[in-house]
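Take a look at the structure below.
The values are calculated or read from the model by the stated rules, or taken from the named source; none is laboratory data. Keep in mind it's a predicted model, so treat the numbers as computed, not measured. Note that each Cβ is placed from the backbone with ideal geometry, even for glycine, and that neighbours are counted across all protein chains shown.
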Amino acid sequence: MTTTLTMPEVGETVTEGTIERWLKKPGDHVDKYEPIVEINTDKVNVELPSPVTGTVKELLVEEGAVVAVGTPLAIIEEVAGETAAEAAAPAPAEAVAPAAAPPARAPAPGGRAESRSTPRVRRLAQELGVDLSLVQGSGPRGRIVEEDVRAFAAGKAPAAPAAAGRIEQEEETVPLTPVRRTIARRMAASKFSAPHAWLMMEADVTGLVRLREASKEAFREREGVDLTYLPFVVAAAAQGLRENPTLNASWSEDGIVLKKRIHIGIAVAAEQGLLVPVVHDADRLGVAALARAIHDISQRAREGKLKLEDVQGGTFTVDNTGWFGSVISMPIINQGQAAILALEAITKRPVVLDNDAIAVRSVVNLCLSFDHRILDGAQAAEFLRSLVRRLEGYGPDSSLE
């Protein structure tokens, strides 16, 4: 009995991927869930595991090929005795950052230089007669990219770090990494296809700041993670999306597609670029559960340990730009969604109270970019007002559940 491995669906806006590297060859034994091929997608690099235990019979696609979702990739001859139920069980595909180390395998000719380059780069080096061990990589963690090979072949790149005292060049071209190129393409596609509008409201979160200060030490001891402001905002956004479903939607030429479940993407600045792992069914989680979930996916995103399902299905995005000290920003909508919320830095400001007294309060700006094809300003404002109302409602005695 044979099983065909196919290109998986990573998300509704991802239609293809590049076969970056085969980890098995015809005749190799493969265990169920063992990675068999590395695929570069728009969102992450995917190590696709085998759905069954058996022997690789045939590879149907060459390294470097761009394939559509659903394309047959390989045929695996199953081991006799594996049940149909086991064969049908979904294999947990894991995603890794482009700079993450590949799975252990037998050393290949070229040693460390090979481990720092893709098959496409190695083929180019062979065509140009370049010894990769002499090439200085300019990619993440010294990874060798195509531009490094071409520059070395043309005699325009040093074989080793330049000596001190050399003449400084007036400019330098930094080669694009796959993630940087993908981010550029997706952001341009979103900005040029969706007419962005922008709205900002401020919230007095003095009570929330006091709640966090009073709870953070006990929370860390009990939960094992830090209590940040982000889970409070995600909780407020999730409930606001239930009240304002047009923000939890996407555009189609046939009509506005309202999403029935609320899956919130969390923008994470990782070493290899911006990643947006997803907290699924965020509206069903309290602040404590959201804090654990956000910590988990953010940490795995930075370590290159995301799974396919971690980047699938997002319906709305929250970007914690305030982490970097930003107070106002205009984020670009994650393509296929209706809006993105930026949480800015909480700052202390003098505020005029209802009795005309002036007091120092903790205030935060909430910035919303939205697709004007789907939403008008009134709907966006209503959503932001619901966030302000919830965030201003927190106090020292509020529950975290």
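Points to keep in mind about this one:
- All strands (runs of 3 or more DSSP E) inside the stretch 197-268 with 2 or more residues being in contact (Cβ under 8 Å) with a residue 60 or more places away in the chain: 249-252
- Subset of the stretch 275-295 that is modelled with pLDDT of 95 or more and within 13 Å of the chain's Cα centre (by Cα) - its residue that is nearest to Val363 (Cα to Cα): Ile294
Conditions tested, residue by residue: (1) touching a Phe, Trp or Tyr at 6+ places or on another chain (Cβ under 8 Å); (2) crowded, with 21+ Cβ neighbours inside 10 Å.
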| position | (1), (2) |
| --- | --- |
| Leu227 | yes, yes |
| Ala236 | no, yes |
| Ser250 | no, no |
| Gly265 | yes, yes |
| Val276 | no, yes |
| Asp281 | no, no |
| Asp296 | no, no |
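- Check on Arg385, part of a strand (DSSP E or B) and among the basic types (Lys, Arg): no
- Leading residue by the ranking (nearest to Ile346 (Cα to Cα)) among those in the stretch 313-327 that are surrounded by fewer than 17 Cβ atoms within 10 Å (Cβ to Cβ), within 19 Å of the chain's Cα centre (by Cα) and without any contact (Cβ under 8 Å) to a residue 60 or more places away in the chain: Trp323
- The stretch 271-292 residues that are without any contact (Cβ under 8 Å) to a residue 40 or more places away in the chain, paired with ones that are assigned to a helix (DSSP H, G or I) and among the β-branched types (Val, Ile, Thr) (beta carbon under 8 Å, 6 or more apart): Pro277/Ile297; Pro277/Val311; Val278/Ile297; Val278/Val311
- For Asn334, the criteria (1) of a type outside the set (Phe, Trp, Tyr); (2) modelled with pLDDT of 95 or more; (3) under 16 Å from Val268 (Cβ atoms); (4) in a loop (DSSP other than H, G, I, E, B) hold in every case but one, which is (2).
- Residue in the stretch 342-354 that is in a helix (DSSP H, G or I), under 18 Å from Ala235 (Cα atoms) and free of Cβ contacts under 8 Å to residues at least 40 places away in the same chain present: no
- Of all the numbered requirements in (1) part of a helix (DSSP H, G or I); (2) buried (at least 19 other Cβ atoms within 10 Å of the Cβ); (3) of a type outside the set (Asp, Glu), Ala289 misses one, and that requirement is (2).
- Residue within the stretch 301-309 that is under 22 Å from Ser250 (Cα atoms) and assigned to a helix (DSSP H, G or I) present: yes
- Residues satisfying the stated conditions in the stretch 190-213, i.e. closer than 14 Å to Phe232 by Cβ and surrounded by fewer than 16 Cβ atoms within 10 Å (Cβ to Cβ): Glu213
- 2 or more residues over 28 Å from Arg300 (Cβ atoms) and at pLDDT 85 or above: qualifying strands (runs of 3 or more DSSP E) within the stretch 14-81: 54-59, 72-78
- Taking the stretch 328-349 as the range and being surrounded by 16 or more Cβ atoms within 10 Å (Cβ to Cβ), touching an Asp or Glu at 6+ places or on another chain (Cβ under 9 Å) and of a type in the set (A, V, I, L, M) as the test, the residues that pass are Ile333, Ala338, Ala339, Ile340, Leu341, Ala342, Leu343.
- Annotation: of all residues in the stretch 359-381 being free of Cβ contacts under 8 Å to residues at least 24 places away in the same chain and assigned to a strand (DSSP E or B), the one that is surrounded by the most Cβ atoms within 10 Å (Cβ to Cβ) is Ala359.
- Here Val179 does not qualify as assigned to a loop (DSSP other than H, G, I, E, B) and either closer than 30 Å to Ile333 by Cα or at pLDDT 80 or above (or both).
- Inter-residue pairs, beta-carbon under 7 Å, first more than 18 Å from Ala301 (Cα to Cα) and in the stretch 179-191, second surrounded by 12 or more Cβ atoms within 10 Å (Cβ to Cβ) and of a type outside the set (S, T, N, Q), 6+ apart: Arg186/Asp42; Met187/Ile332; Ser190/Ile332; Ser190/Ile333; Lys191/Ile332
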